[in-house]
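The values are calculated or read from the model by the stated rules, or taken from the named source; none is laboratory data. Bear in mind the structure is a predicted one, so any value in this text is a computation, not a measurement. Cβ placement follows ideal geometry from the backbone for every residue including glycine, while neighbour counts extend to all protein chains displayed.
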Amino acid sequence: MRRPSRKLVKQRSIDGAASVPLRSRLRQSLARTFVSFSNRNYRLFWFGQLLSVTGTWIQRVAQSWLVLNLTDSSFALGMVTTLQFLPMMLFALFGGVIADRLPKRKVLLVTQAVMGTVSLILGVLITLDVVQIWHIYVLAAVLGLATAFDNPTRQAFVVEMVGPENLPNAVALNSSLFNTARIVGPSIGGAMIAAFGIAVPFYADAVSFLAVIVGLLMMRPEEFHEVPPPARGPVLTRLREGIAYAIHTPAVALVLILMAFLGTFGYQFTVILPLIARYVLDTGALGFGGLLTAMGIGSLASALGVAYVSRPTERLLLIGAGSFTVLLGLLALSTSLPFTVAILVLLGAGSIIFTATANSRLQILAPGELRGRVMSLYIFLFAGTAPVGSLSLGYLAETLSVRIAVGIMALLCAVGFVLGWLYRARHPEHSPQAATRRPAHGSSASD
């Protein structure tokens, strides 16, 4: 038998030696990216949310298509979004007080059950062929009321599961599950509508909430990280306390200035994408799902990158806000399906860089006893202001055109970016690295 040459043996040994460190580096990268999965409670939370949010995206595709089929009106679509997010505008700040006062797991069990029931009722109405637009309006408002208390609580609950040390990683992984669902959910929703009719997606969403409820019930409360004692005293006093902290803390105020404009006018994708699909690109339900999927692909890639880096710097916050604004303007100019898809992939990436960084910075900067109230301000500006943005977008799209309406939204986002930049320039004493230092295990985020 012929033995291999010395040169070949030497080359194999070199390749083998090089491959070990490469595999080791890959394992280390994966471990760093998914470090929060070492926590059992967080794993239950994450996988339950993955199924539930996938169901929510399935429902969103179906709801948007149902509204357009019933009314053929972009204004009606904007009205549904308005009614869904109006309770968040009215009650999200109070939801933050509740998040700082009551056991978060119990609050989430109630809110998740209510949200699942809403989808079930709408599915039954469609099956009985009695659904009317006012049914959708009422149920959207009920869903919004539950969400107003669910979102601040869910945001503040993360640190109890993983601790302050792994908080930026967990926030980014939450973004990854949201965008995994955004990739999978719309496609499934479009296929369900085409194959089984428009009621089935609502039933699927109702069932998906059971995954979250079961995960919450299976958690081990003794493994939660310690948090400050619940905030007591009059609700309005506690609410003012949180607002005063945000106003007088420049790092927090900068995030909220940017979110006030981008959240109000830029993140109205539940209104923007159905209108672009139907009135600009002339695609069906599957095409609409494809647009959401394209955006989800960019968002997921960005979320995993942010999870790996886990450094929510002020510079990254501004990069995310600026790129999102520019790409939204390009979306307004596009009339080509391939170009629109490409823009949406990049827009998804920019949107997650901004929101994940904003979320992490607020949670790290806020003292533990104020975290729920600070996050309620984030939710209020991100989702609670949607009635203003969605109604404006729906009205402008109906009176002018979809593309002009999206262009105006992009200009308003640009105004917010400039104001944020000017605010930052007036507060040079604030160090951009203030929110990038990881607290020691077990310490408060405010230490």
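Here are the numbers for the structure shown:
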| read-out | value |
| --- | --- |
| Only one of 266, 284, 289 that is under 19 Å from residue 390 (Cα atoms) and either under 18 Å from the mean Cα position of the chain (by Cα) or surrounded by fewer than 19 Cβ atoms within 10 Å (Cβ to Cβ) (or both) | 266 |
| Residues within the range 319-336 that are touching a Phe, Trp or Tyr at 6+ places or on another chain (Cβ under 7 Å) and among the hydrophobic types (A, V, I, L, M, F, W, C), tallied | 2 |
| When residues of the range 379-419 are limited to those that are of a type in the set (S, T, N, Q) and farther than 18 Å from residue 354 by Cα, the one farthest from the chain's Cα centre (by Cα) | 399 |
| Subset tally (residues that are part of a helix (DSSP H, G or I), free of Cβ contacts under 8 Å to residues at least 12 places away in the same chain and over 18 Å from residue 368 (Cβ atoms)) for the range 193-252 | 7 |
| Filtered residue count, the range 310-333, keeping only those that are more than 25 Å from residue 425 (Cα to Cα) and without any contact (Cβ under 8 Å) to a residue 40 or more places away in the chain | 1 |
| Any chance residue 271 is touching a helix residue (DSSP H, G or I) at 6+ places or on another chain (Cβ under 9 Å) and under 22 Å from residue 67 (Cβ atoms) | yes |
| Matching residues, the range 135-166, being of a type in the set (Ser, Thr, Tyr) and surrounded by fewer than 24 Cβ atoms within 10 Å (Cβ to Cβ) | 137 |
| Residue check for residue 31: part of a helix (DSSP H, G or I), more than 19 Å from the chain's Cα centre (by Cα), over 19 Å from residue 149 (Cβ atoms) and at pLDDT below 80 | yes |
| Boolean, residue 209 is crowded, with 21+ Cβ neighbours inside 10 Å, among the hydrophobic types (A, V, I, L, M, F, W, C) and under 24 Å from the mean Cα position of the chain (by Cα) | yes |
